[in-house]
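Some notes on the structure that comes next.
The values are calculated or read from the model by the stated rules, or taken from the named source; none is laboratory data. Because the structure is predicted, anything quoted here is derived from the model rather than measured. For neighbour counting, all protein chains shown are included, and Cβ atoms are generated from backbone atoms with ideal geometry for every residue, glycine included. When the accessible area is computed, the model is the full protein with side chains, heavy atoms only, and any ligands, DNA or RNA have been set aside. Shrake-Rupley method; radii C 1.70, N 1.55, O 1.52, S 1.80 Å.
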Amino acid sequence: VISPALGDSGAHITPVPMIKYITTLLSLLAVPACAAVVREYSLNLTASYLAPNGFYREMFLVNGQHPGPLIEADEGDTISATVYNNLQVPMTIHFHGIHQLGTPWMDGAPGVSQRSIFPGESFVYNFTTAGQYGSYWYHAHVRSYYQDGIRGPVYIRPANDRPRPYDLVTEGNATATSILRALESNPMPLYIMDWNKLTSDAIYYKEVTYGIDPACIFGYLINGKGRVTCPTNEAITAAGASRLEIFQNATGIRSSFDSLGCLDLSAVNGYPGIDNVALEAPGFSTPCQATNTDREIFYVSGSDWMMFNVINMAGGFASYLSIDGHDMWVLQVDGTFIQPQKVKQLYVGLGSRYIIAVPTVKNNGDFAIRFACSEVAQVTEQIAWLSYNAPAASQPVDYPVTSDVYQDMGGNLYDPDNTPTFNETAAAPYEESVEPPQGPAQHTIHFTLNRTAVVSFSLMDGGALMPIEMEYMTPLLWADDVSHPTTVDVGIKTGDVVDLIIDNIDRVILHPMHLHGHSFWVVSESNFESFGYSTVEEAIANGSSTINLNNPPYRDGYGVAPRGHVVFRYIADNAGAWMFHCHINMHLMTGMSAVILEDREAVRPRIP
Ligand SMILES: [Cu+2]
């Protein structure tokens with residue numbers, strides 16, 4: 001129906017041959033829902049020296065590829081993934097969004113749920129997918145090594161008896177609904193990842209040594225592919241006009257963009273005069289140099305619909321996704337079917353996953369799939385191609401605007417119809433059973449997201465930072481001493497309801513907060529004010545307008561806007577020691593992380 005280009009270097013993607021399509025249709029009829037199996041995978045981690053966007057650097061690979069291979073299962077299957085660490089650094093693998101229900105020691109958090117896998121060692125991650133479906137991903141959780149290449153997708157096909165919202169998309173057209181149902185078994189990959197010239201260790205070294213926040217990337221990759229383009233400063237400045245305003249409102253300083261579209265952050269970085277801070281050593285910055293490497297390309301033929309699995313695997317940046325001239329129906333977010341939204345632009349939060357259906361337009365041409373950085377810190381975009389033409393040896397010429405609806409490199413959407421963009425706050429779960437508990441929570445924990453120095457980011461109210469050395473300590477899941485300033489031990493017992501109130505007092509930075517071991521309901525949210533109450537009950541009693549206990553979004557990661565707040569509510573149904581942290585690697589590395597203990601004594605005797 002639709003297949004990516006064959007014979008490309010870089011990401012290795014399995015096309016969808018027609019025979020598999022037919023087999024899937026048959027399997028929907030033939031396979032009983034209870035036929036859970038064990039899905040075995042080997043993940044061989046190696047280092048290499050490659051140039052995915054035209055510049056050579058040391059990078060990491062999983063089974064010789066970046067991103068790593070797809071791990072797939074049917075809902076209820078067990079996944080058994082053996083990781084062979086052939087790198088020269090310690091490693092763990094975290095299965096992002098997988099609850100690890102009953103197996104907290106398989107969560108892949110170094111110093112929290114396991115000891116690191118040291119060079120030459122292996123480790124078997126063995127866990128169930130029961131109760132979970134949709135899109136997830138796996139990534140290194142030691143230091144920032146996932147942004148060097150240790151990352152890949154996990155896809156769990158929903159059980160046959162899951163209610164699906166496809167009729168709302170197709171307006172009851174049975175043929176169209178059956179097409180979506182078939183595409184669901186193997187959605188096309190659309191993985192966005194940011195990329196740097198330097199390794200994450202080198203960037204971290206620069207961050208702590210020079211005291212600079214490396215909020216600047218060398219460009220995005222889509223499915224491990226992409227190229228560097230060097231737009232004019234006039235074009236960057238035009239696309240980034242709103243960023244200049246936001247920064248000026250926060251700091252009083254009129255800033256400017258460098259050749260890679262990075263905002264000059266000297267005023268808050270404390271280290272003036274650096275171009276491309278994440279890319280070069282101070283004093284050795286080089287201006288943007290364009291490359292001509294292949295972009296990802298998808299060839300379309302015949303089908304009325306496409307389905308994409310969108311995953312933000314980036315190390316630091318969220319982005320906006322748009323496809324020139326095409327609508328997108330958002331069907332799932334973070335492994336949950338939602339009330340579908342038809343949009344022309346989708347905010348793709350760091351660590352988050354989205355299943356989208358795209359109606360084809362039956363118009364011979366090449367259309368750009370555009371990811372634009374949504375952060376204040378940089379104007380940059382990467383594109384992949386959606387081609388209705390026959391596969392060709394050469395790629396389409398860059399940037400033909402093939403539609404009057406398109407998104408520029410600053411993430412500004414040009415749409416004569418003013419179609420609403422994706423509304424995260426309104427992304428209600430489709431299944432009515434996914435409802436939060438309504439009564440008072442047994443525990444309310446307050447966090448404050450704060451930049452306590454140029455390169456120290458905290459979430460504890462008192463400003464405590466989780467030291468990077470935690471990764472080498474006896475894992476908190478079974479350690480005798482848990483008395484660290486970033487350990488939250490408030491006596492949570494199995495079955496308790498927990499509210500996390502998170503105020504972000506930073507003026508510019510959105511922090512994408514990720515909770516391990518659970519999904520949560522976003523029961524309050526604001527992008528301009530703190531929560532202002534000590535509990536959800538108090539907020540309700542005072543008539544707070546931000547509280548939403550009526551089918552709120554159900555997520556495992558969610559961005560907290562600058563000056564804003566969120567309240568996450570979850571059920572403590574998974575005894576263990578669970579990380580709660582910002583997913584921006586350089587924030588996690590400099591302290592923005594905590595561990596929430598949950599009925600730990602109940603699980604300690606069961607640890608293998
Ligand atoms: Cu952060």
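Net charge within 10 Å of HIS446 by Cβ-Cβ distance, Lys/Arg positive one each and Asp/Glu negative one each, not counting HIS446 itself? List each step's numbers first, then the result.
Details: positive: none; negative: ASP461, ASP499, ASP503.
Summing Lys and Arg as +1 and Asp and Glu as -1 gives -3.
Work out how much length ASN249 to ALA159 would gain on full extension: take 0.36 nm times their residue separation and subtract the Cα-Cα distance, in nm to one decimal. Show your work: numbers first, answer last.
On the way: separation 90, 0.36 × 90 = 32.40 nm, distance 4.93 nm.
Full extension from ASN249 to ALA159 adds 27.5 nm.
Length available on full extension from THR286 to ASP481: 0.36 nm per residue minus the Cα-Cα distance, which gives 65.4 nm. Exposed loop sites were defined as GluC sites (Glu not before Pro) in DSSP loop states (anything but H, G, I, E or B) carrying at most 14 other C-beta atoms within 10 Å; in the chain the longest segment without such a site runs 172-431.
Tell me, what is the percent relative contact order of the chain, built from C-alpha pairs under 8 Å that lie six or more residues apart? If you can, show how the numbers build up before the last one.
On the way: 1550 pairs, mean separation 86.2, N = 608.
Rounded, it is 14 percent for the chain.
The length gained on full extension between HIS446 and VAL490, counted as 0.36 nm times the residue separation minus their Cα-Cα distance, comes to 14.7 nm. A probe of 1.4 angstrom, applied to the heavy atoms of all protein chains, finds TYR84 with accessible area near 100 square angstrom. Normalised by the number of residues in region 443-606, the average gap of Cα pairs under 8 Å and 6 or more apart makes the relative contact order 35 percent. Net charge in the neighbourhood of ALA427 (other residues with Cβ under 10 Å of its Cβ; Lys, Arg +1, Asp, Glu -1) is -1.
Given a Förster distance of 56 angstrom, what is the FRET efficiency for ALA35 paired with SER242, based on the Cβ-Cβ distance and rounded to 0.05?
Working: r = 52 Å, r/R0 = 0.93.
E between ALA35 and SER242, to the nearest 0.05, is 0.60.
Cα centroids of region 464-533 and region 127-204: 25 Å apart. Across the protein chains, with a 1.4 Å probe defining accessible surface, the residues THR421, THR175 rank THR175, THR421 from largest area downward. When the surface is traced with a 1.4 Å probe over the full set of protein chains, ASP481 keeps roughly 90 Å² accessible.
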